[in-house]
Amino acid sequence: MSSQASNTTESATSSALDALGDECARIILVATSERPRTAKELTERTDSSSATVYRRINNLLESDLLAECIRFEEDGSHTTAYEATVDHLSVDIGAEGIHVALSQSDEQ
């Protein structure tokens with residue numbers, strides 16, 4: 001594996017582990033695995049400030065654990081929502097270091 005590919009893998013691993021190390025981010029990931037949720041809904045669900053929720057959403061988006069989508073309401077309006085993009089995560093620890101493997105949801 002090239003040094004650049006190794007750094008990318010290490011960066012993705014670190015990013016995913018860092019994102020999951022935060023309780024607010026974990027609550028967001030669980031909530032969005034049930035169905036797409038708006039930032040307002042996630043703020044209410046996490047009992048955190050909207051600024052904190054948006055920071056965690058951005059971290060999860062950058063880690064490819066969350067995706068942005070459009071949710072259409074019954075009245076015809078639409079809003080930005082977020083949905084989990086993974087349904088399984090495995091962490092392997094060995095002589096080569098730590099490797100995180102993400103299994104993407106089939107519904108994407």
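Scan the range 58-84 and report the pairs whose first residue is modelled with pLDDT under 90 and whose second residue is part of a strand (DSSP E or B) and open to solvent by less than 70 Å² (accessible area, probe 1.4 Å), with Cβ atoms within less than 6 Å and a gap of 6+ or a chain change.
Note: pairs meeting the criteria are R71/T79; R71/A81.
Looking only at the range 61-78, which residues are of a type in the set (A, V, I, L, M, F, W, C) and either in a strand (DSSP E or B) or open to solvent by 30 Å² or more (accessible area, probe 1.4 Å) (or both)?
L61, L66, A67, C69, I70, F72
Would you check if S48 is part of a loop (DSSP other than H, G, I, E, B) and either at negative phi or in contact with a helix residue (DSSP H, G or I) (Cβ under 8 Å, 6 or more places away or on another chain) (or both)?
So S48 fits the description; yes.
Restricting attention to the range 23-42, does a residue exist that is basic (K, R), at pLDDT 85 or above, open to solvent by less than 80 Å² (accessible area, probe 1.4 Å) and not in a helix (DSSP H, G or I)?
Taking every residue of the range 23-42 in turn, at least one turns out to be basic (K, R), at pLDDT 85 or above, open to solvent by less than 80 Å² (accessible area, probe 1.4 Å) and not in a helix (DSSP H, G or I).
Suppose we filter R26, R45, R55, R37 for residues that are of a type in the set (D, E, K, R), free of Cβ contacts under 8 Å to residues at least 24 places away in the same chain and over 25 Å from H99 (Cα atoms); which single one remains? Walk me through how you get there before you give the answer.
Details: R26 fails: over 25 Å from H99 (Cα atoms); R55 fails: over 25 Å from H99 (Cα atoms); R37 fails: free of Cβ contacts under 8 Å to residues at least 24 places away in the same chain.
After ruling out the rest, the residue left standing is R45.
Just give me the residues in the range 79-102 being exposed (fewer than 11 other Cβ atoms within 10 Å of the Cβ) and farther than 18 Å from G21 by Cα, in sequence order.
Listed by number, the residues that qualify are G94, A95, E96.
The values are calculated or read from the model by the stated rules, or taken from the named source; none is laboratory data. Here the structure is a predicted model, which is why all the values come from computation and not from measurement. Note that each Cβ is placed from the backbone with ideal geometry, even for glycine, and that neighbours are counted across all protein chains shown. Quick note on the areas: whole protein, heavy atoms, side chains included, nothing else; ligands and nucleic acids left out. Shrake-Rupley method; radii C 1.70, N 1.55, O 1.52, S 1.80 Å.
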